[in-house]
Amino acid sequence: MRDAILFYCQHVLGMGHLVRSMALARALAARFRVVFLNGGRVPRGLPRPAGVEFVDLPPLGFDAMERLVSRDSRRPLEDAQRERRETILRTFHRVQPRAVVVELFPFGRKQFAAELLPLFDAARAAGAHRPLLLSSLRDILTTGHRDQVGHDERACTLANRYLDAILVHADPHFARLEDSFHPEQDLRVPVFYTGFVVPPGTARRVGPCRTRRLIVSAGGGLAGGPLFHAAVEAYGFLWRRERLRTTVVAGPFLPETDWRTLRRAAREVAGLELRRSVPDLGQELCGAAASVSQCGYNTALDIVRARVPALVVPCSELGKDEQWVRARRLERLGAVRVLEPKRLDGPTLAAEVRALLGFRPSPLALDLGGAPHTVALLDEMLGGTRLGAAADEQRVGGGLGP
């Protein structure tokens, strides 16, 4: 029988964490038995990777004030939390994994400590045959917490107490953990840089001729309302002066009230198309003249791979700054242009898009092998490779820099 990997993912606002985690699970399933603990709503139409066993927990998320809420009207929050804790521990004992991979925690998701720390304790209690405990991180952590020093100290304490390794899914030439994580104590856990994670088997076909079309997107769409409304307002200017068609990809989490407002505004407007989702946003960008979007992990990688002229309006909802940091780094490398959200309105966006049509992004040679590299790392770890030595090699950089 194949070694089992228990993979936990909790997405609360957008879908970037889920998309990245599912790409990793899909790659891991070629070598391991993968059981995926899913803690949030899965958008309709998002394909689940074949060969992965899903255990859907009662879905939780955040409201507009970042308070934890149940996404299942049949279950009050307290009942959902109790059922989740029981299901996680029951699944752990049933599967008996060789490794437990937890997305973001303890570097984020502190609201879920009550269900994850019992899992970590159960793993440690397994004694000599206990599974490896790993944290799976994106390129840049959020540093907009009210008590950032305390947050980083708590995360470091838990990491040192429980974790065997940290997987940072980034090219270390672009972003390193210490750029956005600053505890006062020493982090004693090996850190591995896997490269950025893109869905396996997807090749971007950048054609020599791009159609006269603008793609506007905002990831899952939950915080995309202002950007989409500005894009609809800007469309009139762009159509009259540039004959630039516009496709707005709203995302599955855009509130229904915003979606209905957009549909009314776009009704019978020539050249303006509204879509809830597309099968492959990156491939759409490959044939577009320009892109306007936020700057989440997955969207940024789609932009870089498509080599499309891109204007990014970083999301700063709830004080989060991760998209800002990523956007500014890409801007310094000549890959995107940046518009501050406070300047966002229809006329300004139209002027920025007209300027964007003459922009030629610089190509970046980022390491995009995060999924297969993660499989290889886990294979080595479970085969007995000494973590410290392997991590030292990763720390000095392995990937192609921009």
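The values are calculated or read from the model by the stated rules, or taken from the named source; none is laboratory data. Owing to the predicted nature of the structure, the values given are computational and were not obtained by experimental measurement. Neighbour counts run over all protein chains shown; Cβ positions are idealised from the backbone, glycine included. When the accessible area is computed, the model is the full protein with side chains, heavy atoms only, and any ligands, DNA or RNA have been set aside. Shrake-Rupley method; radii C 1.70, N 1.55, O 1.52, S 1.80 Å.
Only one residue in Arg305, Arg326 is open to solvent by less than 20 Å² (accessible area, probe 1.4 Å), among the charged types (D, E, K, R) and outside any loop (DSSP other than H, G, I, E, B). Which one? None of the others qualify; the one that does is Arg326. Can you tell me which residue in the stretch 106-124 is farthest from the chain's Cα centre (by Cα), limited to those that are under 19 Å from Arg41 (Cβ atoms) and modelled with pLDDT of 95 or more? Among residues in the stretch 106-124 that are under 19 Å from Arg41 (Cβ atoms) and modelled with pLDDT of 95 or more, the one farthest from the chain's Cα centre (by Cα) is Glu115. Under the condition of being in contact with a Pro (Cβ under 6 Å, 6 or more places away or on another chain) and surrounded by fewer than 24 Cβ atoms within 10 Å (Cβ to Cβ), the residues counted in the stretch 1-14 number 1.
Checking each residue in the stretch 232-251 for being assigned to a loop (DSSP other than H, G, I, E, B) and surrounded by fewer than 17 Cβ atoms within 10 Å (Cβ to Cβ) picks out only Arg243. Note on the stretch 253-306: among residues that are in contact with an Asp or Glu (Cβ under 7 Å, 6 or more places away or on another chain) and among the hydrophobic types (A, V, I, L, M, F, W, C), the one that is farthest from Met22 (Cα to Cα) is Leu285. One residue stands out in the stretch 123-150 among those that are in contact with a helix residue (DSSP H, G or I) (Cβ under 7 Å, 6 or more places away or on another chain) and β-branched (Val, Ile, Thr): the one that is most open to solvent (accessible area, probe 1.4 Å), namely Thr143.
On the stretch given as the stretch 257-283, residues that are within 25 Å of Asp345 (Cβ to Cβ) and in contact (Cβ under 8 Å) with a residue 40 or more places away in the chain total 2. Within the stretch 340-360, the set of residues being within 20 Å of Ala306 (Cα to Cα) and open to solvent by less than 30 Å² (accessible area, probe 1.4 Å) comprises Val353, Leu356.
In summary, Glu153 fulfils each of the numbered conditions (1) charged (D, E, K, R); (2) in contact with a Phe, Trp or Tyr (Cβ under 9 Å, 6 or more places away or on another chain); (3) surrounded by fewer than 21 Cβ atoms within 10 Å (Cβ to Cβ) with the single exception of condition (2). Has the stretch 19-32 got any residue that is of a type in the set (Ser, Thr, Tyr), at negative phi and touching a Ser or Thr at 6+ places or on another chain (Cβ under 8 Å)? The answer is yes; a qualifying residue exists. Please verify whether Arg84 is surrounded by 14 or more Cβ atoms within 10 Å (Cβ to Cβ), more than 28 Å from Arg2 (Cα to Cα) and either aromatic (Phe, Trp, Tyr) or touching a residue at least 40 places away in the same chain (Cβ under 8 Å) (or both), treating the condition exactly as stated. Judged against the criteria, Arg84 is not a match. Note on the stretch 186-223: residues that are over 22 Å from Met15 (Cβ atoms), at pLDDT 95 or above and assigned to a loop (DSSP other than H, G, I, E, B) total 5. Looking across the stretch 273-288 at every residue that is open to solvent by 20 Å² or more (accessible area, probe 1.4 Å) and either in a loop (DSSP other than H, G, I, E, B) or touching a Phe, Trp or Tyr at 6+ places or on another chain (Cβ under 6 Å) (or both), the one that is farthest from Gly251 (Cα to Cα) is identified as Gly287. Would you check if there is a residue in the stretch 391-402 being assigned to a helix (DSSP H, G or I), modelled with pLDDT under 95 and open to solvent by less than 30 Å² (accessible area, probe 1.4 Å)? Yes, the stretch 391-402 contains at least one residue that is assigned to a helix (DSSP H, G or I), modelled with pLDDT under 95 and open to solvent by less than 30 Å² (accessible area, probe 1.4 Å). Under the condition of being farther than 17 Å from Gly296 by Cβ and touching a Pro at 6+ places or on another chain (Cβ under 6 Å), the residues counted in the stretch 322-343 number 1.
Among the residues of the stretch 88-114, the one identified as surrounded by fewer than 18 Cβ atoms within 10 Å (Cβ to Cβ), in contact (Cβ under 8 Å) with a residue 40 or more places away in the chain and under 23 Å from Arg26 (Cβ atoms) is Gln96. Where strands (runs of 3 or more DSSP E) fall entirely within the stretch 1-104, those with at least 1 residues that are among the charged types (D, E, K, R) and more than 20 Å from the chain's Cα centre (by Cα) are at 33-38, 52-56. Can you tell me which residue within the stretch 289-302, out of those that are in contact with a strand residue (DSSP E or B) (Cβ under 7 Å, 6 or more places away or on another chain) and part of a loop (DSSP other than H, G, I, E, B), is least open to solvent (accessible area, probe 1.4 Å)? Ranking the candidates gives Cys295 first. The condition (being of a type in the set (Gly, Ala, Ser), under 21 Å from Thr299 (Cα atoms) and at pLDDT 90 or above) is satisfied by just one residue among Gly51, Gly40, Gly45, Gly14: Gly40. Could you list all residues from the stretch 105-140 that are in a loop (DSSP other than H, G, I, E, B) and touching a strand residue (DSSP E or B) at 6+ places or on another chain (Cβ under 9 Å)? Of everything in the stretch 105-140, those that are in a loop (DSSP other than H, G, I, E, B) and touching a strand residue (DSSP E or B) at 6+ places or on another chain (Cβ under 9 Å) turn out to be Phe105, Pro106, Phe107, Gly108, Arg109, Pro131, Arg138, Asp139.
Just checking, which of Leu134, Leu163, Leu167, Leu116 is aliphatic (A, V, I, L, M) and farther than 14 Å from Phe192 by Cα? Of Leu134, Leu163, Leu167, Leu116, the one residue that is aliphatic (A, V, I, L, M) and farther than 14 Å from Phe192 by Cα is Leu116.
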